[in-house]
Amino acid sequence: MIKLIQTSEELLKHRKNQDKVGFVATMGNLHEGHVSLLEAGFKDFDHMYFSIFVNPTQFGPTEDFDKYPRTIEKDLALIEACLKKYPHKSVTVFNPKDVYEIYPKDFKLQISIQEMNKILEGEHRPTHFDGVTTVVYRLFALINPTKSYFGLKDFQQYIVIKKMVADMLLPVEIVGMPIIRETTGLALSSRNQYLNPVQKETALILSKTLNHLKELINGKKENLALAQDYIRTMIKDPNWDYLTIRETNTLTEKIENQSSLVILAVYRQEKTRLLDNMQLEVK
Ligand code: PAF
């Protein structure tokens, strides 16, 4: 069963008499990656909440807020189709009818995860993470989920949200779910539809480079220097916004004594920034 709610007031009323629920936050234009988050939730909960809201505060002034695909009918059909596989589960879809359902006129809160909001994605999108943490906080406050599921494709977002939850002592567990890829290796993203066929082919450089770096490192700290050399050569191509190896939880560049690492990359195709990453352990 699927229930669509469009106001915060109705959401709070609806949520009042329910037990524990899981939650997936999205901006809509759903694909298999989003469905995998919902399915992960169904393993833990009979009832899932699912938000569809293109959050204006996480877009910069020259970014694609206006162009971002709004496909609510298709999105609902995809959730319905997923539910057919889980006849005993139900979903409440929260699709705010306007921005004031999330940010009332006198709304003043802004949550910033200092430092982490300035590096990597934050360097290229200075206001992005403050917009993300604030909207996710607001959605958590409305829904009060026990667990919330996020795709690891947006790895820095996952880390920033985990830090927000830890620092604010929120009673919600953040679950990171594996990246879903096309058979070519391209990570699924709503923004892939901005690419023409040639750009889509070119974008495979992301997954190929990450795989190559993982092979070069081969689980050994001693190979990190080799990987850094390779990165230095690759980033001569100006389409890389970044290609970098970081510690997994802090995203620090100081990785010499670390064992859990993540390679984070953004490759640009004209105005479209494509994100990808790969986690690895080294000894
Ligand atoms: O990952 C997204 O789609 C968005 O950043 C999120 C988490 C739904 C917040 O608007």
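Values computed for the structure shown
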quantity	calculated
Condition met for residue 7 (more than 16 Å from the ligand (Cβ to nearest atom), of a type in the set (Ser, Thr, Tyr) and at pLDDT 95 or above)	yes
Set 88, 47, 34: member being of a type outside the set (A, V, I, L, M, F, W, C) and buried (at least 21 other Cβ atoms within 10 Å of the Cβ)	34
Candidate set: segment 234-271, residues that are among the β-branched types (Val, Ile, Thr) and within 21 Å of the chain's Cα centre (by Cα); chosen: the one nearest to residue 206 (Cα to Cα)	266
Selection count where residues are in contact (Cβ under 8 Å) with a residue 60 or more places away in the chain, more than 17 Å from residue 277 (Cβ to Cβ) and not in a loop (DSSP other than H, G, I, E, B), scope segment 216-253	1
Boolean, residue 169 is more than 21 Å from residue 279 (Cα to Cα) and free of Cβ contacts under 8 Å to residues at least 60 places away in the same chain	yes
Qualifying positions in segment 23-49 - within 13 Å of the ligand (Cβ to nearest atom) and more than 14 Å from the chain's Cα centre (by Cα)	49
Cross-chain or 6+ apart pairs with Cβ under 6 Å, segment 52-80 first and without any contact (Cβ under 8 Å) to a residue 12 or more places away in the chain, then not acidic (Asp, Glu)	65/56; 65/59
Segment 132-154 residues that are over 16 Å from residue 53 (Cα atoms), paired with ones that are of a type in the set (Phe, Trp, Tyr) and near the ligand (Cβ under 10 Å from one of its atoms) (beta carbon under 8 Å, 6 or more apart)	151/158; 152/158
Residue in segment 100-107 that is over 17 Å from the mean Cα position of the chain (by Cα), hydrophobic (A, V, I, L, M, F, W, C), within 12 Å of the ligand (Cβ to nearest atom) and farther than 23 Å from residue 252 by Cβ present	yes
All helices (runs of 4 or more DSSP H) inside segment 108-205 with 2 or more residues being buried (at least 18 other Cβ atoms within 10 Å of the Cβ)	121-124, 128-143, 155-167
Number of the exception - residue 272 against (1) without any contact (Cβ under 8 Å) to a residue 60 or more places away in the chain; (2) over 20 Å from residue 158 (Cα atoms); (3) surrounded by fewer than 18 Cβ atoms within 10 Å (Cβ to Cβ)	(1)
Contacts under 7 angstrom Cβ, first residue in segment 1-25 being over 23 Å from residue 74 (Cβ atoms), partner assigned to a strand (DSSP E or B), 6 or more apart	14/5; 14/92; 18/47; 21/47; 21/48; 21/49
Residues located in segment 145-161, provided they are more than 9 Å from the ligand (Cβ to nearest atom) and either modelled with pLDDT under 95 or out of contact with any Phe, Trp or Tyr (no Cβ under 9 Å at 6 or more places or on another chain) (or both)	155, 159
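The values are calculated or read from the model by the stated rules, or taken from the named source; none is laboratory data. On a predicted model such as this, the values are computed, not experimentally measured, just so you know. Cβ sites come from the backbone with ideal geometry, for glycine too, and all protein chains shown count toward neighbours.
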